[in-house]
Each structure stands twice: as structure tokens, then as C-alpha cells.
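The values are calculated or read from the model by the stated rules, or taken from the named source; none is laboratory data. On a predicted model such as this, the values are computed, not experimentally measured, just so you know. Neighbour counts are summed over all protein chains in view; Cβ atoms, including those assigned to glycine, are modelled from backbone coordinates with ideal geometry.
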Amino acid sequence: MGLNLDFSVVLERWPLFLDGAVMTLELAFMAILIGGAVGTLCAVGRGSSNRFIAALCAGYVEAIRNTPLLVQIFLVYFGLASIGFKFSAFSVAAVALAINVGAYTAEIMRAGFESIPTGQIEAAEGLALSRVQVYWHVILLPAIEKVYPSLTSQFVLLMLASSVTSQISAEELTAVANYVQSDTYRAFETYILVALCYVVLSLVLRAAFWALGLILFPRRRRLGTSL
Amino acid sequence: MMQESPLVVLDRVYKSFGALKVLDGVSFSVGRGDVLVLIGRSGSGKSTALRCIDRFEKIDSGEIHVCGRRVDAPDIDLRALRQDVGIVFQSYNLFPHLTIAQNIMLAPVSVKGMHKAAARELAATMLAKVGLSEKLDAYPEQLSGGQQQRAAIARSLAMQPKVMLFDEVTSALDPQLTGEVLKVIEALAADGMTMVIVTHEMGFARGIARHVVFMHEGKVHEAGTASILTTPATPELAQFVGTGL
């Protein structure tokens, strides 16, 4: 017995890994963008006085939070196919991930919205701002600020979870690894490398959210308070 | 001579929170340029009465008229009402993520469609009025409580309301900071601003009130000019003024 690692055949396929990593980031970006918007709207909808909308939003959140991601991906994949839509594996993966992260975002944003004191809302209403303006100018940004660390974690988790979309042959990082290890018979080395790639991607994503935070929350930047 | 109709009228207003009767047939009116001070113990209904004027509470029965508008009408145009009425709260409620200038500019820009440059000038003018010119680009948390409350007053004034409502605006401040806020309100009164003020500061009430409404158990127990504070007619008001609370 002895550990015999040889990375050379794996490393020489680096362009494949690079492509995979780029697609992983693209998947995450699309899912976060769409899912973030869906989730935020859903959090607003859960507080709606319209019972139908509130129930719809609650149902969506519960359905997603109580089923496995892989099953959700298959449902979107086979569901779209069975009603005659043909989309690329990337599109299906992005949509499925967006639906998934949307539900978790909704829960996080709901906590954010609930943390805004009613006095803030009354002050805004007292200044004759419309309902939409109150949400947009007074509630949204402070709510995001309150839950920004949770949102960041959730989005990094989503990026890591996107590896599951290799199951519907989206050509992201894990799919590339599956292919490379079957091609080189160097499975352990391949997955070590892929694990390292994911660590780097996570760090990149966290750095990106940190930078975004500086733009979104200028007060933090000016007063030097960390998130 | 024709008498100008009052800007604010409460006519037999009833309001309950569940089984608790908070307003029990309250009537009073506020003429243009008048300063009406609402006093009474905690729970007497004075803050609720004030909040009903800006329709932060819906009344059960009675009528409220503000600037010719029927506030208790179900189809009331809330945004129009609130452009006419400014309200300042006990807890300042400045928007923490915006600078003082942005706090003041928000409503003129998004409600009245004012250009940002003009709104910033307006913000500077309003801040000068409350003695905070140098705080234009500060964030609320960088200000003392008294300064925040003055900024909140400036924010309301920027919408050029016809009536200003003050809901225990000094209750969260220590005596030293209270003084600077009261000075701002006194200056507004001297400018002829129509105001309804809920306060616990008896000295301030005596100095600023043209009319006083003393509320007790949801009713207007005694009302009149500021003189009732020095020569109360009812034992309840006498006791209230005597204790200073």
C-alpha cells in the first residue's frame, strides 16, 4: 500500500477545468441574479394582505425547502422536456438553481424586512411616499444590509451546490472532473484539484460580495463599520 | 367678517383598540397659524388623536377634516393628505442608510419630482433653519439625539406642509438636548406655522401654546387658551399641572 499521486495527466487538461470553472460561475451568477429577485419579491408577497399571493409565496418556499435540489433539477429538466420545450442543459440548470435559491433568499429577506422598525415605514409614509417608494427607498437596502452575511453564505452555498447540475450534463466544474477522471483514471487527483478549484471560486465569490457591499452600503464605508 | 375655516377639525371622534376606548368623542379644531398643545397623562389618548389627524390610525366614528379634506373618508387620497401634513415622531426615524441631505431630499425628489440639485439646495436651507448646516453630508448615527430630531423636523419642513404634528418629540432626549429642539419649534411658531403638539414639557407648553386641550380618559376634559395651564378649572387639570407630569 502506498499513496501514488500523479497530477501531470490531470493538470495538462487545465483548459477543461478553466472552462468548467467559468461555467460554474456563470451558473451561479444567473441563479443569484434571478433567484435573488424572485426571492425578494416572494418575501414581499408573503407579507401581502392578498391571501392568495401570500399563500402562493409560502407554498413555493415550503415546496423548495422540503425537497432535494437534485429532484428539483430533474423536475425542471424533464418537466420542460415533457411539455415540448428544448433548452440547453445550462439554461435548465440555471433556472432550477434560481428557483432553488429564490426560496432560501425569500426566507432570509423576510427576516430582513421584519427587522425594519415600523417607525421607519411610518416616517416614510408620513412624507407622502407611495408604497413602492417606501419599499424601494426605505426598506429594501437596510433590509439587505441586515441580512447581507446570510445572503452571501447562501449564495456561496448555491455556487457549491451547482455541482449537482453535472447530473443533467451541464458542463460545469464537476462535470468536467467526471469526464477527466474517466479519461485519465486519476480520480483522486482529479477531485483534489476540483476541490481546490471550488475553494478558489468560493473565495472569489466572497470577495465579490464584499466589494459589492462597499458599493451598496456607502455608510459602512464612510464610518468604517464592518458588516 | 367671514371667519376662515380651521385647518384641522376633529368632530366627535371615537376610536377603540379592541375593548379599550382610546378616543371617546373627541372634538377640537385648529385654525391657520394656531399652535394647539395636547396634554394629558400617558394613555389619555393624546398621541392617538394626533396620529388620527395624519390617518396613521383609522377612527371608528366621527369626522376629521384636514385642509378641507375628509380624513375619515374611505377613499381619502393619503399621499395628498400627507403632503399637507408633516409629522415628527418621538424616535426621530431618520433613514439610517441615507445622509441627512438624502433624508431631506428623498420626499421632494420622489414625491414632488424636484430636481436633485434644487432639492439639495432646499435641504441646505432647511438645515440652516434648524441650525445644522454643517451636517448636510453626515449620517444620522453621527448626530446627537437632539440633532437627529432637528434634522427630522427639517425633513418634514422640506415638503412645505400646511400643518405640522409633533408627537412627544422631546421625550427621548435629555433636558439639555430638549432645549435645542424646542427652540426650533418656537421659531416655527413665530413664523406662523400651524402646529399640533403633544408634549409632556409643561414649561414649553406654557410658552408656545395659543390653545390647550387637556385630555383625560379619552375625552377632552378641559380646553381653552394657554391661560388654563395657570388657572385650571377642573381638579384633574390642576392636579396634572401641579405634578408637572
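Restricted to segment B:41-67, and to residues that are touching a Phe, Trp or Tyr at 6+ places or on another chain (Cβ under 6 Å) and not acidic (Asp, Glu), which residue is nearest to B:Lys162 (Cα to Cα)? Reasoning before the result, please.
Residues of segment B:41-67 that are touching a Phe, Trp or Tyr at 6+ places or on another chain (Cβ under 6 Å), as a first pass: B:60-62.
Filter once more, so that each one left must be not acidic (Asp, Glu): B:61-62.
On the way: B:Ser61: 25, B:Gly62: 23 Å.
Ranking the candidates gives B:Gly62 first.
Yes or no, residue by residue, for (1) more than 9 Å from chain A (Cβ to nearest Cβ); (2) under 17 Å from B:Val8 (Cα atoms); (3) among the hydrophobic types (A, V, I, L, M, F, W, C):
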| residue | (1), (2), (3) |
| --- | --- |
| B:Val30 | yes, yes, yes |
| B:Lys46 | yes, yes, no |
| B:Ile53 | yes, yes, yes |
| B:Cys67 | yes, yes, yes |
| B:Ile87 | no, yes, yes |
| B:Gln90 | no, no, no |
| B:Val111 | no, no, yes |
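For segment A:119-143, how many residues are part of a helix (DSSP H, G or I) and either touching a residue at least 40 places away in the same chain (Cβ under 8 Å) or more than 18 Å from B:Leu165 (Cα to Cα) (or both)?
To start, the set of residues in segment A:119-143 that are part of a helix (DSSP H, G or I) comprises A:119-126, A:131-143.
Filter again for either touching a residue at least 40 places away in the same chain (Cβ under 8 Å) or more than 18 Å from B:Leu165 (Cα to Cα) (or both), leaving A:131-143.
Number satisfying all stated conditions: 13.
Kindly evaluate B:Lys21 against the criterion of being outside any helix (DSSP H, G or I), of a type in the set (D, E, K, R) and out of contact with any Phe, Trp or Tyr (no Cβ under 9 Å at 6 or more places or on another chain). Walk me through it before giving the result.
Numbers: outside any helix (DSSP H, G or I): yes; of a type in the set (D, E, K, R): yes; out of contact with any Phe, Trp or Tyr (no Cβ under 9 Å at 6 or more places or on another chain): no.
So B:Lys21 fails the test.
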Q: Mind counting the residues in segment A:153-210 that are crowded, with 18+ Cβ neighbours inside 10 Å and outside any helix (DSSP H, G or I)?
A: 4
Q. When you look at B:Ala189, is it surrounded by fewer than 22 Cβ atoms within 10 Å (Cβ to Cβ), of a type in the set (A, V, I, L, M, F, W, C) and on the phi < 0 side of the Ramachandran plot, yes or no?
A. yes
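Considering each of B:Ile59, B:Ile39 in turn, give the residue that is over 17 Å from the mean Cα position of the chain (by Cα) and at pLDDT 95 or above.
On the way: B:Ile39 fails: over 17 Å from the mean Cα position of the chain (by Cα).
Step by step, each of B:Ile59, B:Ile39 is checked, and only B:Ile59 is over 17 Å from the mean Cα position of the chain (by Cα) and at pLDDT 95 or above.
Of the residues B:Leu165, B:Leu143, B:Leu132, which single one is touching a Lys or Arg at 6+ places or on another chain (Cβ under 7 Å), within 14 Å of chain A (Cβ to nearest Cβ) and among the hydrophobic types (A, V, I, L, M, F, W, C)? Steps first, please.
Details: B:Leu165 fails: touching a Lys or Arg at 6+ places or on another chain (Cβ under 7 Å); B:Leu132 fails: within 14 Å of chain A (Cβ to nearest Cβ).
Result of the check over B:Leu165, B:Leu143, B:Leu132: B:Leu143.
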Q: Give the residue that is nearest to the other protein chains (Cβ to nearest Cβ), with candidates limited to residues of segment A:133-162 that are of a type in the set (Gly, Ala, Ser) and under 15 Å from the mean Cα position of the chain (by Cα).
A: A:Ser150
